[in-house]
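> For reference, the structure I am asking about is given below.
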Number of protein chains: 2
Amino acid sequence: MTTLVADERDGTAELRDVDAWWRAANYLSVGQIYLMDNPLLTEPLRPEHIKPRLIGHWGTVPGVTLTYAHLNRVIRRTGQRMLFVLGPGHGAAALNAAAWLEGTYSEVHPEVTRDLAGMRELFRQFSFPGGVPSHASPHLPGSIHEGGELGYSLAHATGAALDNPDLVVACVIGDGEAETGALAASWHAPSFLNPGTDGTVLPILHLNGYKIANPTLLSRIPRTDLDALLTGHGWEPMYVEGSDPDEVHARYATVLDEAMERIQEIRDFARLGIGPSKPYLPLIVLRTPKGWTGPAAVDGVPIEGTFRAHQVPLAAVRENAEHRALLEQWLRSYRPEELFDDRGRPVDRISDQNPDGPCMSADPAAHGHTTVGLRLPRPSDYTVGFAEPGTVRAESTRVLGGFLRDALVANPHNLLFFSPDEHTSNRLDAILEVTGRRWRAERYDSDDRLSPDGRVFEVLSEHLCQGWLEGYLLTGRHGVFTTYEAFAHVVDSMVVQHAKWLYMATQFPWRSPIPSLNYLISSHVWRQDHNGASHQDPGFIDHVLSKRPEVSRVYLPPDANCLVHVFEHCLRSRGMVNVVVAGKQPALQYLDDQAARAHCEHGLGVWNWASTDLRGGTEVVLACAGDVPTQETLAAAALLRELVPNLAVRVVNVVDLARLFPPDRHPHGISDAAYSRVFTDAPVIFAFHGYPWLIHRIAYRRPHHDRLHVHGFVDNGTTTTPFDMCALNGIDRFQLAVAAVEQVPRLVDRLDELRSELLARLDAARSYALRVGDDPPEISEWSWPNSTAPRHE
Amino acid sequence: MTTLVADERDGTAELRDVDAWWRAANYLSVGQIYLMDNPLLTEPLRPEHIKPRLIGHWGTVPGVTLTYAHLNRVIRRTGQRMLFVLGPGHGAAALNAAAWLEGTYSEVHPEVTRDLAGMRELFRQFSFPGGVPSHASPHLPGSIHEGGELGYSLAHATGAALDNPDLVVACVIGDGEAETGALAASWHAPSFLNPGTDGTVLPILHLNGYKIANPTLLSRIPRTDLDALLTGHGWEPMYVEGSDPDEVHARYATVLDEAMERIQEIRDFARLGIGPSKPYLPLIVLRTPKGWTGPAAVDGVPIEGTFRAHQVPLAAVRENAEHRALLEQWLRSYRPEELFDDRGRPVDRISDQNPDGPCMSADPAAHGHTTVGLRLPRPSDYTVGFAEPGTVRAESTRVLGGFLRDALVANPHNLLFFSPDEHTSNRLDAILEVTGRRWRAERYDSDDRLSPDGRVFEVLSEHLCQGWLEGYLLTGRHGVFTTYEAFAHVVDSMVVQHAKWLYMATQFPWRSPIPSLNYLISSHVWRQDHNGASHQDPGFIDHVLSKRPEVSRVYLPPDANCLVHVFEHCLRSRGMVNVVVAGKQPALQYLDDQAARAHCEHGLGVWNWASTDLRGGTEVVLACAGDVPTQETLAAAALLRELVPNLAVRVVNVVDLARLFPPDRHPHGISDAAYSRVFTDAPVIFAFHGYPWLIHRIAYRRPHHDRLHVHGFVDNGTTTTPFDMCALNGIDRFQLAVAAVEQVPRLVDRLDELRSELLARLDAARSYALRVGDDPPEISEWSWPNSTAPRHE
């Protein structure tokens, strides 16, 4: 072993202490993977001390514990507030150990005391039934990132740094994770981070060289290429490489000190207004062996430094005495007797290394404690006024834009907007009246509202929009993700992980609920007629509603006023995934401010003003959810009034889709009795925004389900007109009216006549479109055949 | 304008011809966006010549047509076979124009003749109801890539190049698209492409500077950073930049000639075995103005070279005479009278530029014409033998591995395997007996079966696995994508796009069906107990079944023998998305080779050997789909035989989920009569692999749907044991047995007793797991309480 080298600033003694802390954390990590008893090896290891199922990932641990130890050294020296984001999957053992050494683990999990009994419990519970997972899940204090599905660490870290000017977010990125698309895109953060008003992301790219069975790309491209790749994205790479602990300690300390000085310099310059717009940001490349300090070889096969160190280096410890002896030797190599006293408590040398102030495992921002509610304007100040339903047109998202603009003005430091280049396309321009689009790269005079400190983030990556927003929310701030409906599927897997996090987090009372993840889904399936089939997919709401009902919400406001009220509710809510689907095209308005507010509060309701069954005897119910289906349903109701004047039709609109669930399936579900009061026992023709089966999946246990006929998108998409999209999928006014009369027994004699009449009108509209290239005037503007609805006030 | 500069190889005259072709393609593109009549401007433009809805994207067109013109020049000079992949979205106008000029468009769409009438039709149909979309969709000859959702061009191009040693795939990458995660990861292609046996990908990064409303990142980072970023990924960037057509023509010609020489050199060296393992591959950076040659300014606002050129530069041409005059001026600026004769046919100078051999718009590989069916081994040679059901264990995926290994041996040049580092984890090791993992970056002795020409691709990016495989399939070859079930959601949006492509392609008989996209989904929800909630999500099958029934298939083989038979079927199929879900853990086997084959052919069936209703009078049906639910169902049947010996129980297993659809909803759907013969009119307790509502969504119109009780995954996930995962979600043997007896009226008096007994056994198993850390021995190995099933042969 070479002699310990330390520069003039870091005493050898300090680094020896850091090494001791590292050994303690490694010891505790190995213990978690293997032991359910005899935690301090006070007796020789016996089979019954070993867990029956060995689950855990050793490979990444030593690099993570090393990093944590060195960051703590920096925190002690500088008082810098830091968060720690752990990218490599299954690395929680390392952070459980760190939080236990810092005392935080025992604070939030009192049964895991910082003594021998607690150490035993810390070990036993890891990847154990009823225990904690092998990822940095919500159980872990200080964590905002699970790392179950890989690729989002750097985006989360970037989001956490936004508007946290005094924070450094240290982000360990696994070299396996670095192969994912999301992570590859995340390297662009320096083009967006504002060193004046944001905190700093300090990526630590951990090249331990291997994934499960393969080497990693970034560890096997030439060093010059790696350097170029990182520099090209705007980073200044600093290298810590080696396999000799003393040398690596000395180098890591030096490099971290340099990085911190550079970070301070960048901040100082930016805050004096004299720095470059986009300085190169420090990034650490840590190249150490996979499974470092673990068994070098087992059964003659090399382990340390190879892919075989990825999970459990010694696989048969319970059965195989030789493996067991190797494990004991491995554990004892950390010299636990120097690290813990007889009662299992960390010795002073270890606990003295805990930072004085809040440590990384106890930062209140990681536990939702720093959340400040939004000061929101009154929705009623933005709603559209009109005398009668269906007489005024508005673009729903444009109306919402005014509300969001003023929300931003009232909350200048904890509200952000994210979109893949679509705020203007989705007609939220009003927001850009009071802020710009964040851009730290080069700007030209001809650009439109780019700004180095803008609060709108536009990058053509749904992964980055979602990841940045998640990081921002997970540290207690608020935001909105606006995207095209079809392409929301790009983040399907991310919303799964976030929803799981939200649900699991509710089980830990020391975590406060964080602001909800709010999606504004526009450019939706019914108005992507011009963009064609590739842009037509309403399945994101199906996907979100497959997640736990405690955290998933879907809203389909029928008009602008409802949209504003729904969105205000979403921005006030906590701990949810809220999906709001709304159109951006001019569309008729139905509910005035007060009616919209009441309707959204109820989540669904009968629209008496459009119904003709007020004296009872409902013959058919026309139900709808979504703006275009609502339009077509009201038009169908008007057609029926024209063709069958005495038909008792009820119009029902659903805003909050979860209302249709039975109450034991979703907290928003209404009772069967309430359901029957709305939907009666008459046949229901339901025009739905999405796939028809979503309604059946929600309502299949409801009374009279066999009389529920849902029309929705059945993937009949193409490049056509708005009306033709409806016609192709059977949710147009004419086909809805046909479906309705087919359900009314007393009309059986008139059925052929009515059907012929309605289908003739349908054909006329479609053939006009195919000939002229646009919908007929009476339909293209989404008019309503007779704009004056029946009134029954 | 500067004088035309050409190097000694390219005569000025040749480049003038190229310029003429470029002008012709640009003229035809503008015509598609605007005109529905008067295609050659034989009379002054009038409003009725203009489409009522102006839809299209001009911004990207001139760079695409320029590139196409110059590639054709190279093809004429070198005879190099090329494919063209168009990354930028909505750029189809450019390629429609090119294919029309080459005559291919008229061959496949005979109504669009290469004359004046055809030109009119070419214009009219673009983004027109009943016409063609604005993306390079299946309507477009030569295209294998739609570009509706952005980010997959380079991955598709890479997949197309694999095993096509003589091909060059030119891939235009939009600088907007380049911000996506999938594209960012795709830059790593040089670490995988084998210049000896693969074709070459020639990326053309088109920096036109803007997205819809924003500049693009790669156009605004310093040139040195861009160069570093690309070099760091293994490319050798060559720059073509400018806004003077003559200069750009000269430069593009020179650079392309250099690139082609470099490509030939790399190929020659690789094929002589003397080149580097991973040579830097030529890449062209094309920096030209957005909307180049379009209107410089409209209404005093700059258009050309700004984001405002993205879509339709002149928005009000029908209404506004000034705009109309500008359009006419713009169109005439291409001097159509020099390019087309009076009858609308391209003049010789233009058509002489078509390559002599197959041109890019007519490559048979782009139309599925080069597909060669796989030579597959007999599945029966791989199935597991046993005397009685439930007496032998096997790992399903390991058994399949043997079959796939020999399939690879029999098809060494047109079958590839893709996975995010999971072939070994998913126990498909046998494949690696006969090939290696593809790796062109540095290799070490300690690596496991890396190979520069391996036929297994492992990279920790589901996007790359899917994108490469799609490119391979779209050019007529075969492959398998193996991935963890939960993380299949990463490619949710990609499978939407691919399924839409497959369905649309069926509408064009000149496209032959391509091999199916086969997913092997393993490490599934029920055996991710150890990895915790983040790894538990069975929703990918819901997602795929939301796509067109003509192209979507889901198979849930209950054991290894069924898996082999199902997979053989999938590998033989064409034009489908096949999702096969199968476990990798040791599990009991039920069907011998012949029975498995018959069961898979039927797709579902009664398992008489496990049923006790053979004399009729079925009292309850235990149905199941998926390997773990089948295990628990059979165990529940055994429990019922023990506790209620005279109960008439029928066991039904479903392999092909689509069989449950009504026949008008899916081509695999069986009739109601057939459904009733299988499921009887008794209550059905259905143990399902996925979310229970998927079964309800499929079967809600089936007879006796109100007696169908589905148990499945309800997102009760955590870190626990395999059995506890079942218990938490109510699909364990005990809860299934309870559900069954609850449905049998004659057992009402014994219900409390039976329920107590069953739930006591459940509690015992669960508390053992929580105490010991593993399932009780009689359950942990997925045993079956009495392994000898009833036999009724």
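Quick note: the coordinates plus some simple rules give every number you see, no bench work behind them. A quick note: this is a predicted structure, and the numbers were derived from the prediction, not measured. Cβ: placed from backbone, ideal geometry, glycine included. Neighbour counts: every protein chain shown.
> Near B:His602, within a Cβ-to-Cβ distance under 12 Å, what is the net charge of the other residues, with Lys and Arg +1 and Asp and Glu -1?
+1
> A further question on this structure: Rg(Cα) of the stretch B:14-358 divided by 2.2 N^0.38 Å?
0.96
> Throw me the Rg/Rh for the stretch B:649-747, computed over C-alpha atoms with Kirkwood Rh, two decimals.
Reported Rg/Rh, Kirkwood definition of Rh: 0.99.
> What is the angle, in °, between the Cα long axis of helix A:396-410 and the longest principal axis of the Cα atoms in chain A? Nearest 10 is fine, range 0 to 90.
Relative to chain A, helix A:396-410 is tipped by roughly 40 degrees.
> Chain A: D in µm²/s via Stokes-Einstein (Kirkwood Rh, Cα pairs, 25 °C, 0.890 mPa s)?
Answer from the Stokes-Einstein relation: 85 µm²/s.
> For the stretch B:335-385 and the stretch A:174-245, what is the separation of their Cα centres, given in Å?
With the stretch B:335-385 and the stretch A:174-245 each reduced to a Cα centre, they are spaced 41 Å.
> Can you list the distances in nanometres, one decimal and ascending, from the A:Glu601 label point to the identical position in each other copy, with the point 7 Å along Cα to Cβ?
6.5
> On to the next question. Which far-off residues, 5 or more places away or on another chain, put their amide H under 5 Å from the one on B:Ala136, with H placed in the peptide plane?
Counting only residues 5 or more places away or on other chains, the set is B:His90, B:Gly91, B:Ala92.
> Another question, then. To the nearest 10 degrees, how steeply does helix A:751-772 sit against the main Cα axis of chain A, on a 0 to 90 scale?
Its long axis makes an angle of about 60 degrees.
> Near A:Leu464, within a Cβ-to-Cβ distance under 13 Å, what is the net charge of the other residues, with Lys and Arg +1 and Asp and Glu -1?
After counting each charged neighbour, the total is -4.
> Here's something else I'd like to know. Find the eigenvalues of the gyration tensor of the Cα atoms of the stretch B:603-780, then list the square roots of 5 times those eigenvalues as equivalent ellipsoid semi-axes, largest first, in whole angstrom.
That gives 27, 20, 13 Å for the three semi-axes.
> A further question follows. Separation of the stretch A:97-121 and the stretch B:493-529 by C-alpha centroid, Å?
Cα centres, the stretch A:97-121 to the stretch B:493-529: 48 Å.
> Provide the percentage of antiparallel DSSP beta bridges, counting only those with both residues in chain B; round to the nearest 5.
The antiparallel fraction comes to roughly 15 percent.
> How far is B:His705 from the same spot in each other copy, in nm, shortest first, if each label point sits 7 Å from Cα toward Cβ?
Nearest first, the other copies' label points are 0.7 nm away.
> Would you work out which of A:Met260, B:Gly532, B:Ser191 lies farthest towards the positive end of the dipole of the protein assembly as shown, given +1 charges on the beta-carbon of Lys and Arg and -1 on that of Asp and Glu, about the Cα centre?
So the residue furthest toward the plus end is B:Gly532.
> Using only alpha carbon pairs under 8 Å that are at least six residues apart, calculate the relative contact order of chain B and give it in whole percent.
11 percent
> Considering every Cα-Cα pair within the stretch A:379-586, what fraction, in whole percent, is farther apart than 30 Å?
More than 30 Å apart: 20 percent of the Cα pairs in the stretch A:379-586.
> Now for a separate question. Using the eigenvalues of the Cα gyration tensor, what equivalent ellipsoid semi-axes result for the stretch A:515-665 when each is taken as the square root of five times the eigenvalue, whole Å, largest first?
27, 19, 15
> Please report, in whole Å³, the volume per residue of the convex hull around the C-alpha atoms of the protein assembly as shown.
Hull volume normalised by residue count: 175 Å³.
> A further question on this structure: In percent, how large is the relative contact order of the stretch B:392-586, given Cα pairs closer than 8 Å and 6 or more residues apart?
Rounded, it is 25 percent for the stretch B:392-586.
> Hey, another quick one. Kindly give the distances from B:Ala297 to its copy-mates, label point to label point, with each label point 7 Å from Cα along Cα→Cβ, as nm values to one decimal ordered shortest first.
7.7
> With respect to the cross-link table entries B:Lys211/B:Lys547; B:Lys290/B:Lys500; B:Lys278/B:Lys547; A:Lys584/B:Lys500, which display a Cα-Cα separation exceeding 32 Å?
Distance filter (> 32 Å) returns B:Lys278/B:Lys547.
> For A:Gln329, project a label point 7 Å along Cα to C-beta. Then give me every residue of the stretch A:273-309 with its amide nitrogen under 15 Å of that point.
Taking a point 7 Å out along Cα→Cβ of A:Gln329, the residues of the stretch A:273-309 whose backbone N falls under 15 Å are A:293-304.
> Here's a follow-up. On a 0 to 90 degree scale, rounded to 10, what angle separates helix A:92-101 from the longest Cα axis of chain A?
60 degrees
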